[in-house]
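Enquirer: This structure is in structure tokens; I'll ask about it shortly.
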Amino acid sequence: MIETTKPAFGSSQSSLRTIAPGFAWAGLSVAILSGWFVVTRVGFRHALNVWDVTALRFGEGAILLTPTLLVGPSRLPIRAWTQGIALATLWGAPFILLVGVGLQLTSATLASSITPALMPIFAGAIGWAMLGELPRRLQISGYILIAAGLSVLIYGYALTEGRPNAAGVLTLIVAAAMWAAYTLRLRGSGLTPLQAAALICFWSTIFYVPIYIGLSLSNLRYASGRELLFQSLYQGFMMSVVAIFAFNCAIASLGPRAAAAIVALVPVAATVLAIPALGEVPSLPSATAVCVIAIGVMLAASSPQSKVSLKVAGESA
């Protein structure tokens, strides 16, 4: 009896040691992603546009990270670089452009709520439909609470700001679906978090920067040196290097659905940051919705149950 309990205790300790760093990486990515909505909105209020933000993010990220694919422990054979095309499509330049357009057409509070809050719901739906991972009751309850909280946030926005722009909301919803697909795609790619981050920046730069330059989409010449320095550090280093790497580490440690659920905390942090930075004080319905989303996140972060495990359980019964 004693010997059978020891492995279980050791297993729980080992599991905790594996999960704890994952939550730390997820927390870091949430902090940076939350700030991104506010920082980008501030840039839009001045000289920068969505095209500039995308160029700064991936252009600088490619310069910093591409060398890691050529030398060192993260070196990747050239023939394997094509794996990054799908990842860059889902969470690279197209994703940032969609979120940027939604951010311009709505607000920092609404944009930081719709995409991160819907992402774990899409991740659960895709995992269920394509991977046979059935959500548990707690997960379903979490998804319902997240959706309810998001509905209240949109309602509160409509009360104070008027009816939200339909095109802006649609781009944010599409971005959420793309982000969810990315979390599932990355887990099966076999790439390390650093390799995935580098490939996303590389392929986004290869496809996007020539269009950005060729069509003269830049407003960088109108920005002050101080603004360019700040946006370059945040967009090019904090977002493209630190945030992507941290989120990839969270996926590797916690799994795609748990990492996706934790990211739904972005609206909570972004709402708090928007108060001093943008002067956006949440209404009572918005503050209530933030609390509801936080509870939903805790429930949605539980592990799904696969069809295989259900079958085995049925046979053992």
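Enquirer: Taking the condition of being assigned to a helix (DSSP H, G or I) and on the phi > 0 side of the Ramachandran plot, how many residues in region 257-287 meet it?
Expert: Selection size over region 257-287: 0.
Enquirer: So, residue 160, is that one open to solvent by 30 Å² or more (accessible area, probe 1.4 Å), assigned to a helix (DSSP H, G or I) and of a type outside the set (D, E, K, R) or not?
Expert: Yes: the conditions hold for residue 160.
Enquirer: Does residue 96 meet the test of being modelled with pLDDT of 85 or more, under 16 Å from the mean Cα position of the chain (by Cα) and closer than 19 Å to residue 182 by Cβ?
Expert: When the stated conditions are applied, residue 96 passes them.
Enquirer: Also: Filter region 126-157 for residues that are open to solvent by less than 50 Å² (accessible area, probe 1.4 Å) and among the hydrophobic types (A, V, I, L, M, F, W, C); which is farthest from residue 281 (Cα to Cα)?
Expert: Applying the filter and picking the extreme gives 134.
Enquirer: Go through (1) under 19 Å from the mean Cα position of the chain (by Cα); (2) surrounded by 21 or more Cβ atoms within 10 Å (Cβ to Cβ); (3) among the hydrophobic types (A, V, I, L, M, F, W, C) one by one and return the number of the condition residue 85 breaks.
Expert: So residue 85 meets the others, but not (2).
Enquirer: In region 163-202, how many residues are without any contact (Cβ under 8 Å) to a residue 24 or more places away in the chain and β-branched (Val, Ile, Thr)?
Expert: 0
Enquirer: Can you report the number of residues in region 163-222 which are under 17 Å from residue 76 (Cβ atoms), at pLDDT 95 or above and outside any helix (DSSP H, G or I)?
Expert: 0
Enquirer: From the residues in region 186-217 that are more than 19 Å from the chain's Cα centre (by Cα) and within 11 Å of residue 58 (Cβ to Cβ), which one is surrounded by the most Cβ atoms within 10 Å (Cβ to Cβ)?
Expert: In this case the residue turns out to be 205.
Enquirer: Here is a list: 18, 40. Which entry is surrounded by 20 or more Cβ atoms within 10 Å (Cβ to Cβ), within 26 Å of residue 250 (Cβ to Cβ) and modelled with pLDDT under 95? Step through it out loud before you land on a result.
Expert: On the way: 18 fails: surrounded by 20 or more Cβ atoms within 10 Å (Cβ to Cβ).
From the options 18, 40, the qualifying one is 40.
Enquirer: Inspect all residues belonging to region 244-256 and state whether any of them is open to solvent by 20 Å² or more (accessible area, probe 1.4 Å), part of a helix (DSSP H, G or I), of a type in the set (A, V, I, L, M) and over 23 Å from residue 98 (Cα atoms).
Expert: yes
Enquirer: Take residue 268 and decide whether it is open to solvent by less than 60 Å² (accessible area, probe 1.4 Å), at pLDDT 95 or above and of a type in the set (Val, Ile, Thr).
Expert: No.
The values are calculated or read from the model by the stated rules, or taken from the named source; none is laboratory data. Every value quoted in this text rests on a predicted model; they were computed, and no experiment measured them. Positions of Cβ are generated from backbone atoms using ideal geometry, with glycine treated the same way; all protein chains shown enter the neighbour counts. When the accessible area is computed, the model is the full protein with side chains, heavy atoms only, and any ligands, DNA or RNA have been set aside. Shrake-Rupley method; radii C 1.70, N 1.55, O 1.52, S 1.80 Å.
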